[in-house]
Amino acid sequence: MTAEKDIARGLLSIEAVFLRPNDPFTWASGIKSPIYCDNRLTLSTPYVRTLIEQGLRDTIQTWYPECELLMGTSTAGIPHAAITAQMMGLPMGYVRGSHKSHGRNNQIEGRLIPGQKTVVIEDLISTGGSSCETVDVLREAGADVVGIASIFTYGLSASEAKLKEHNVVNHSLCTLDTLVDAAVEMGHITPEEKEKILKFRANPSDESWMK
């Protein structure tokens, strides 16, 4: 099994996950965040990309051994679904954010046979909303969605509640707890900054973590 800390170190080394507790980012929702995630950068770095695809393969084989189909989320999950499917000899497809406005008006691209045991490949679990929307679309089309395999999760309580509400489980290659531990070891942040980040995770709407 690919080590979670190796994934964390890889994400940090290429700044696919960037920690800035003293100069926070602003999310689209207006929330101030000490963390920014762009896992698309992993595609440009072969050794990190390999760690991730091996990790996704291992996760699927361990937690979803019955898997018959991989479906990527649009857009960041698509290449990881494709590479992992190739490694495992499985079919794959992806789910658009909305129906196409032309042709067959597809929202699901690729062949989906009703009843197929399907794993959703996601790059990031933040609130869990987009992942659960993808699961809903697949289930409405007849897929038997057995779970989600993702690269990174913030571990927000909102995402845990959303996944439970939609009766779907997620297994991530890397969690925020492991990532901040690795960040301290690598000198990216101090132990005090680590605590600020974890305080943010406990309640993102409460900006007292910045003080």
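I'd like the full set of residues that are surrounded by fewer than 23 Cβ atoms within 10 Å (Cβ to Cβ) and under 22 Å from residue 107 (Cβ atoms), limited to the range 70-87. Passing the criteria: 74, 75, 76, 78, 79, 82. Of the set (1) crowded, with 21+ Cβ neighbours inside 10 Å; (2) under 16 Å from residue 147 (Cα atoms), all apply to residue 34 but (2). In this structure, residue 145 qualifies as in contact with a Lys or Arg (Cβ under 7 Å, 6 or more places away or on another chain), at negative phi and in a strand (DSSP E or B). Taken over the range 108-135, the residue count meeting the criterion of being within 28 Å of residue 155 (Cα to Cα) and touching a residue at least 24 places away in the same chain (Cβ under 8 Å) is 19. From the residues in the range 189-211 that are of a type in the set (Lys, Arg) and without any contact (Cβ under 8 Å) to a residue 12 or more places away in the chain, which one is surrounded by the fewest Cβ atoms within 10 Å (Cβ to Cβ)? Residue satisfying both the conditions and the ranking: 211.
For the range 164-206, which residues satisfy the criterion of being part of a helix (DSSP H, G or I) and either modelled with pLDDT under 95 or of a type in the set (Gly, Ala, Ser) (or both)? If the condition is that a residue be part of a helix (DSSP H, G or I) and either modelled with pLDDT under 95 or of a type in the set (Gly, Ala, Ser) (or both), then 182, 183, 202 are the ones that fit. Looking at the structure I just gave you, is residue 118 in a strand (DSSP E or B), within 18 Å of the chain's Cα centre (by Cα) and not basic (Lys, Arg)? It is true that residue 118 is in a strand (DSSP E or B), within 18 Å of the chain's Cα centre (by Cα) and not basic (Lys, Arg).
The values are calculated or read from the model by the stated rules, or taken from the named source; none is laboratory data. Values in this document were obtained by computation on a predicted structure and should not be read as measured data. Every residue, glycine among them, receives a Cβ derived from its backbone with ideal geometry; neighbour counts consider all protein chains shown.
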